[in-house]
Each structure stands twice: as C-alpha cells, then as structure tokens.
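Step one of this worksheet: look at the structure below.
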Amino acid sequence: VAFEKICSEESKPAGLIIIRDVSSVESEYIPNEKTIARIQDYQEDKELFRYCTLPEVLKYVECFTGPNDMAMHTMLINKPPDMMTGSLEKPSNRIDCAWTTKEHIDRNNGCLAVLPGTHKLPLKPHDYPQWE
C-alpha cells in the first residue's frame with residue numbers, strides 16, 4: 001500500500017528520494033507504478049522499512065554481516081515486467097547487498113539469475129542470460 005501511495009503521489013515520507021523512469025519524465029505521465037524506477041532512503045517510512053526487519057530477510061543478511069547489522073542505504077528498485085533495462089551501477093567489492101523480491105519471480109518475468117561460484121571470478125560485463 002505504501003508503494004502505491006508513493007507512486008500515485010498521495011504520500012511522500014520525509015527524506016524519500018523518488019527516481020522516475022526517463023521515458024515518463026520526457027512525456028506527459030500519470031503517476032503510477034510504471035513511472036517510478038527507484039525509491040531511495042525509505043528508512044523513515046515504517047511500512048516500507050518493515051521489510052528490512054523481517055526475520056526471513058535478516059536470517060540471510062546476518063549470514064554475511066553478523067547480528068550487528070545496520071541499514072546504511074535503502075533502495076527499492078521497481079522493475080515492472082515490461083521494463084528490460086538493467087542496472088548500470090556496479091557495487092564495490094566491499095559492499096554486501098541483500099537482493100530479495102516482494103513477489104513470485106521466475107524466468108518468464110525477469111528474475112535475477114544466480115550462478116554458483118561466479119563470485120570468485122573476475123568481474124564480467126553485464127548481459128542477459130541465454131536460457132536453454
């Protein structure tokens with residue numbers, strides 16, 4: 001509910017940074033979920049930040065950080081099914097990032113692919129996987 005209210009401009013929590021999709025900025029748009037690319041610094045919004053505190057999420061994050069973790073930056077990346085752009089930013093090799101989904105994903109709707117052992121290889125250019 002909080003995400004939909006932010007997208008429709010019914011709500012804007014303090015400190016929130018909203019990044020709109022470039023195509024929606026260049027045209028007349030109706031504020032909705034397809035016009036928002038990212039929401040950053042949502043730690044002051046109790047409903048959105050609640051996801052970061054879920055035991056199901058922390059269970060895996062704490063495997064990397066230990067029990068004394070702290071959110072330094074919060075970012076919600078919105079990828080509607082018809083958007084085919086990927087992230088242009090590559091994190092530093094000293095940053096842990098917990099990537100999770102808030103809905104069911106699979107190969108048909110653009111899921112993130114994890115290839116075991118690739119974290120030990122040199123960085124490679126990003127590309128879409130060639131599914132068999």
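Computed from the coordinates by the stated procedures, all read-outs in this text should not be read as laboratory data. The structure displayed is predicted, hence computed values, not measured ones. Don't worry about glycine lacking a Cβ; one is built from the backbone with ideal geometry, like all the others, and counts go over all protein chains shown.
Applying the Karplus relation 6.51 cos²θ - 1.76 cosθ + 1.60 with θ = phi - 60° to segment 11-16 yields 3J(HN,Hα) values of 9, 8, x, 4, x, 6 Hz, where x marks Gly and Pro.
Near Ile36, the amide H atoms lying under 5 Å from its own belong to Asp21; only residues 5 or more places off or on other chains count, and H is placed 1.01 Å from N. Whole-Hz Karplus values for segment 36-47 come out as 9, 8, 8, 10, 10, 6, 8, 4, 7, 8, 4, 5 Hz, taken residue by residue from phi with 6.51 cos²θ - 1.76 cosθ + 1.60 and θ = phi - 60°; glycine and proline positions read x. The string of couplings for segment 61-77 from the Karplus curve (6.51, -1.76, 1.60, θ = phi - 60°) is 4, 5, 5, 9, 9, x, x, 9, 8, 8, 6, 9, 7, 10, 9, 10, 9 Hz, one whole number per residue in order, with x for Gly and Pro. Relative protection proxy for 38-45, 56-63, 2-9, from highest mean packing down: 38-45, 2-9, 56-63 (other beta-carbon atoms within 10 angstrom).
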